[in-house]
1. Look through GLU260, GLU290, GLU279 and report the one residue that is in a strand (DSSP E or B), touching a residue at least 40 places away in the same chain (Cβ under 8 Å) and either touching a Ser or Thr at 6+ places or on another chain (Cβ under 6 Å) or among the charged types (D, E, K, R) (or both).
2. With respect to GLY370, is the statement that it is under 17 Å from the mean Cα position of the chain (by Cα), in contact (Cβ under 8 Å) with a residue 60 or more places away in the chain and crowded, with 23+ Cβ neighbours inside 10 Å true?
3. Could you please tell me which pairs satisfy a Cβ distance under 8 Å, a separation of 6+ or placement on different chains, a first residue in region 2-22 that is touching a residue at least 40 places away in the same chain (Cβ under 8 Å) and over 19 Å from VAL199 (Cα atoms), and a second residue that is assigned to a helix (DSSP H, G or I) and not aliphatic (A, V, I, L, M)?
4. From the set of residues in region 39-66 that are open to solvent by 10 Å² or more (accessible area, probe 1.4 Å) and touching an Asp or Glu at 6+ places or on another chain (Cβ under 6 Å), which is farthest from CYS87 (Cα to Cα)?
5. Please verify whether region 399-407 includes one or more residues that are open to solvent by less than 30 Å² (accessible area, probe 1.4 Å), more than 25 Å from ARG269 (Cβ to Cβ) and among the hydrophobic types (A, V, I, L, M, F, W, C).
6. Answer yes or no as to whether ALA131 is under 30 Å from ALA14 (Cβ atoms), in contact with a strand residue (DSSP E or B) (Cβ under 8 Å, 6 or more places away or on another chain) and part of a helix (DSSP H, G or I).
7. Answer yes or no as to whether ILE219 is over 19 Å from THR126 (Cβ atoms) and modelled with pLDDT of 95 or more.
8. Any chance you could count how many residues in region 111-163 are of a type in the set (Gly, Ala, Ser) and either within 23 Å of LYS239 (Cα to Cα) or over 21 Å from the mean Cα position of the chain (by Cα) (or both)?
Amino acid sequence: MGMTMTQKILAAAAGLDYVEPGQLIEAQLDLVLGNDITSPVAIHEMDRFREDRVFDKDKIALVMDHFIPNKDIKSAEHCKCVREFACKHDITNYFDVGQMGIEHALLPEQGLTVAGDVIIGADSHTCTYGALGAFSTGVGSTDMAAGMATGKAWFKVPPALRFNLTGKPAKWISGKDIILHIIGMIGVDGALYKSMEFVGDGIRYLTMDDRFTIANMAIEAGGKNGIFPVDDVAIAYMKEHSKREYRIYEADEDAVYDGEYTIDLGTLRPTVSFPHLPENTKTVDEIEDEIAIDQVVIGSCTNGRISDLRIAADILKGHKVKKNLRCIVIPATQSVYLQAMEEGLLKTFIEAGAVVSTPTCGPCLGGYMGILADKERCVSTTNRNFVGRMGHVGSEVYLASPAVAAASAVTGKISSPEMLVRGEEA
């Protein structure tokens, strides 16, 4: 019986010729990630079991991104804890104010993640790096502590689901629409502790940013990880961003999958996830009632990259944000921010009546920079819309692509970008 991509990567990391679903293994780690919320817990755990060293200062990444710049005293204390730890252990990849970015956009941009890696992070969206052909998954802070100390982690080898993406997406259809469609199809537990393997001829039409978005939200379907084959697009990205050697693993022809799905990308329509679960999806054509909104957020580890901002700016250019609506744009990294400034995108956002924030996860988790009040509604390019996710438990979050979010900011209601093309923004 053959192995999937994920199983091959884990077998190699465990020094084994073969692994099978359900098998417990101990694997060598290529990177351990933490942020300003999860790292202090891991650091205190290391203190508790009296571990005073890290396994490799070059293979740990500490990214201050959730409440940066600090929003209050508690967040400042958290960052101080991590900052002191990074200094004590001379952590190479420590990112704070001035160098920071949203972790899952920052690490690939910095060349810290490449194909064949085994990566754990104390953040559930660590699965993002599967877009480059790596095995990456979220863990708890205790596992992060063990990883920082030993460079190893225990895994139960996951079974896999195979998603065959065919055809060419239409204009305005992005990675966000694709993954929302998939989650709506299989549910938030449809891939529970399984590897989501994306294959097919349709992949060649997906940019790296599309793939990062899809892999990022594998966890929203319950997936252990999401992973893409390594093609010329992925190789070009790694060569541009990283000096590290990458390793390509391909699934065996006789690999066994728990299920297989075929999605014709050419048939997809702009898709929105309604409160209060990512699986509660509708296409823009299926929305019957007008849904007025109070806020739009364009950013996050899911959709804060330069292509996302270009799409949003393209739609907002020449338009104005609806009166009494807040539109918040958050570039994912300092490099994205700078590039958006050089391309004139920030000028477009500001002239349209939006505000532009420094890179932060802030509003996604209801932290700051966009908290919702009771009964307020937000269209957001983030990844979760649970009850109270962005503020008051009586608020509502609608997940969408940057194109739908930008169009909705102009119309003041959930809208397809096609509406603006037809001049229906009033």
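The values are calculated or read from the model by the stated rules, or taken from the named source; none is laboratory data. Please read these numbers as outputs of a predicted model, since none were measured by experiment. Quick reminder, even Gly has a Cβ in these numbers, built from the backbone with ideal geometry, and neighbours come from all protein chains shown. Calculation scope for accessible area: heavy atoms of the full protein, side chains included, ligands and nucleic acids excluded. Shrake-Rupley method; radii C 1.70, N 1.55, O 1.52, S 1.80 Å.
1. GLU260
2. no
3. The qualifying pairs are VAL19/GLN7; GLU20/GLN7; PRO21/GLN7.
4. It comes out as HIS66.
5. No, there is no match, as no residue in region 399-407 is open to solvent by less than 30 Å² (accessible area, probe 1.4 Å), more than 25 Å from ARG269 (Cβ to Cβ) and among the hydrophobic types (A, V, I, L, M, F, W, C).
6. yes
7. no
8. 14
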